[in-house]
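Please read the structure below before turning to the comments.
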Amino acid sequence: MRLETTRYDARRRVRSAVALTLLLGIFALLIIYIYPSIAESTADIDALIEAFPDSVREGLGVEAYSTIEGFVAAELYQFIWILLLGLYMAYAAGGTYASDIESKRLYLTLATPVSRTQLVVEKTLALLVPLVLLNLLLPLVVFGGTVAIGYPIDPYYLLAVHVLSVPYHLVCLGIGQVLSVTFSRGNTAQLGGIAAVFLLFLLDSVTAGTDSEWLGNVSPTRYIDPTDILLHETIAIGDAVLLLAVALSLIFLSVIRFRSRDI
């Protein structure tokens with residue numbers, strides 16, 4: 001397998017991946033830079049957080065700003081890394097096939113000696129470019145920034161957040177990819193991916209700590225919690241394995257759907 005499609009699509013995604021990594025890196029440094037001033041008033045902030053209902057604190061993943069771990073988890077990883085990057089992965093995957101079908105480019109690709117299964121595999125690999133770049137560089141930025149301000153974060157658990165969040169982002173990718181091979185319009189698949197991931201995130205958030213908490217079990221965000229990892233040093237390998245199994249199932253489903261649909 002020479003992976004021509006992977007190389008071609010990966011080159012197209014490098015520029016946006018670099019831009020995304022740069023933006024998240026700058027945002028992370030800004031968040032870290034303001035922490036020393038936040039640390040001086042953590043008693044008041046933590047008292048405010050404690051006043052929130054348990055369901056709100058659990059749903060938003062906000063527990064304490066008294067440590068750099070709790071602050072970074074809440075301000076960077078809980079929303080930017082989990083929610084926004086998840087939305088981005090679903091959006092990027094949503095346009096992979098539907099946009100090519102809409103523009104007729106996919107006809108030219110399938111005219112070459114490449115099977116549909118191989119095409120899905122290669123395009124999926126290309127979608128990993130931003131994920132790989134971000135997971136390689138952002139932990140270095142976050143760790144270096146916390147060392148620079150005198151509040152070094154534990155690199156082991158920082159790395160654990162990134163490693164354990166990969167299956168979650170693959171699930172988001174899988175959701176977008178299933179929609180992309182189902183619909184024939186790029187915007188429909190992309191917006192559908194964003195809506196699906198956001199609604200699943202919302203379902204987990206609004207049901208956490210309530211009598212309806214079991215409803216949130218269908219949400220992938222229920223199985224990745226940066227606050228638990230960084231603040232409580234809890235590593236749930238089983239949850240990561242479950243997310244990985246779901247991601248692989250979604251990718252397999254996209255292969256089956258793509259092979260059977262009439263283009």
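The table below gives the values:
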item	result
Region 169-198, residues that are in a helix (DSSP H, G or I) and either charged (D, E, K, R) or in contact with a Gly (Cβ under 7 Å, 6 or more places away or on another chain) (or both)	H169, C172, I175, G176, L179, S180, G186, A189, Q190, G192, G193, V197
Only one of L136, L170 that is out of contact with any strand residue (DSSP E or B) (no Cβ under 6 Å at 6 or more places or on another chain), among the hydrophobic types (A, V, I, L, M, F, W, C) and surrounded by 22 or more Cβ atoms within 10 Å (Cβ to Cβ)	L170
S103 being among the polar types (S, T, N, Q), over 20 Å from F71 (Cβ atoms) and surrounded by fewer than 17 Cβ atoms within 10 Å (Cβ to Cβ)	yes
Qualifying residue in region 201-209 (condition: in contact (Cβ under 8 Å) with a residue 60 or more places away in the chain and closer than 27 Å to V132 by Cβ)	yes
Which listed residue, of T221, T234, is of a type in the set (S, T, Y), in a loop (DSSP other than H, G, I, E, B) and modelled with pLDDT under 95	T234
Residue that is surrounded by the most Cβ atoms within 10 Å (Cβ to Cβ) [pool: residues in region 148-163 that are assigned to a helix (DSSP H, G or I) and touching a Pro at 6+ places or on another chain (Cβ under 9 Å)]	V161
Test for A90: is it modelled with pLDDT of 90 or more and in contact with a Cys (Cβ under 7 Å, 6 or more places away or on another chain)	yes
Residue check for I49: outside any loop (DSSP other than H, G, I, E, B), of a type in the set (A, V, I, L, M) and modelled with pLDDT under 70	yes
Qualifying residue in region 116-130 (condition: outside any helix (DSSP H, G or I) and either of a type in the set (A, V, I, L, M, F, W, C) or touching a residue at least 12 places away in the same chain (Cβ under 8 Å) (or both))	yes
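The values are calculated or read from the model by the stated rules, or taken from the named source; none is laboratory data. All values reported here derive from a predicted model rather than from experimental measurement. For neighbour counting, all protein chains shown are included, and Cβ atoms are generated from backbone atoms with ideal geometry for every residue, glycine included.
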